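Some notes on the structure that comes next.
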Amino acid sequence: MPTVDATPGPFSFDTDSTVLLVIDMQRDFLLPGGFGESLGNDVSQLSRTIEPLSTLMAAWRAAGLPIVHTREGHLPDLSDCPPAKLARGGIGEQGAFGRILVRGEYGHDIVDELAPVDGEIVVDKPGKGAFYATELSGILDKFGARRLIVTGVTTEVCVHTTVREANDRGYDCLVLADCVGSYFPEFQRVGLEMIAAQGGIFGWVADSPTVIAALQEQK
Ligand code: TIU
């Protein structure tokens, strides 16, 4: 079984029951002019995740293993957007890449470098967590998933919310530090510390090259 040197300890994963989850690598969060920048954020903090994540996804696909992508966003009539989220502004307004975080708009979709390939599942989610009001649980059941390798943006928002949801549902989560990003370096550091603290209260933390090496060792 592939084993990764992680914090707070080794993380072993059976390739028959592990899914790579790629959270919200959308243009609206990553590109200048998108929603992320409209909130006053420094989007350059997120783009460093694209290259290692692309390399990891290629290795994961080469091993024939499943990837599930998510996108945060709403129906064009915003009927699935909670009033409190809508009231904070931005969502549904016209941005540089179409209406912000609205399904079907250019900015809502995943950046070109990390585009899903044929057969990969994309879960559209209205909230920060990938389990809330989505079909993700059923999809993971079909894959027989017990462990998740978690990547994407942002570390302290959608990644954290999803890892907490997954942990409560019994999944072991390995979060990859080089493949998750925050607009705020301090939140990146503390967000990762919070996952692995207290003996791995929410999960494990490692870097993607260790996962790729573990996959290749077992060939
Ligand atoms: N603002 C922020 O950090 N994140 C989000 O709004 N969504 C996700 O994290 N995907």
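The values are calculated or read from the model by the stated rules, or taken from the named source; none is laboratory data. All of these numbers come straight from a predicted model, not from anything done at the bench. Glycine also receives a Cβ, built like all others from the backbone with ideal geometry; neighbour counts cover every protein chain displayed. Protein only, heavy atoms only, side chains kept; ligands, DNA and RNA dropped before computing areas. Shrake-Rupley method; radii C 1.70, N 1.55, O 1.52, S 1.80 Å.
Structure above, values below:
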read-out: From G34, G107, G95, residue being in contact with a Lys or Arg (Cβ under 9 Å, 6 or more places away or on another chain), surrounded by 15 or more Cβ atoms within 10 Å (Cβ to Cβ) and at pLDDT below 95; value: G34
read-out: So D124, is it away from the ligand (no atom under 14 Å from the Cβ) and at pLDDT 95 or above; value: no
read-out: Test: residue in the stretch 15-31 that is more than 16 Å from the ligand (Cβ to nearest atom), open to solvent by 30 Å² or more (accessible area, probe 1.4 Å), touching a residue at least 24 places away in the same chain (Cβ under 8 Å) and not basic (K, R); value: yes
read-out: Failed condition for S182, given (1) on the phi < 0 side of the Ramachandran plot; (2) within 16 Å of the ligand (Cβ to nearest atom); (3) in contact with a Pro (Cβ under 9 Å, 6 or more places away or on another chain); value: (3)
read-out: Single match in G64, G40, G89 (criterion: out of contact with any Lys or Arg (no Cβ under 6 Å at 6 or more places or on another chain), closer than 30 Å to E217 by Cα and not in a strand (DSSP E or B)); value: G64
read-out: Residue match in the stretch 185-202 (condition: closer than 27 Å to F35 by Cβ, among the small types (G, A, S) and within 14 Å of the ligand (Cβ to nearest atom)); value: yes
read-out: Close pairs (6 angstrom Cβ cut-off, 6 or more residues apart or separate chains): open to solvent by 10 Å² or more (accessible area, probe 1.4 Å) in the stretch 153-166, within 9 Å of the ligand (Cβ to nearest atom) and part of a helix (DSSP H, G or I) anywhere; value: E156/F187
read-out: Restricting the stretch 75-92 to residues that are within 12 Å of the ligand (Cβ to nearest atom) and under 13 Å from G127 (Cβ atoms), the residue that is surrounded by the fewest Cβ atoms within 10 Å (Cβ to Cβ); value: K85
read-out: Residue match in the stretch 60-74 (condition: among the hydroxyl-bearing types (S, T, Y) and over 16 Å from the mean Cα position of the chain (by Cα)); value: no
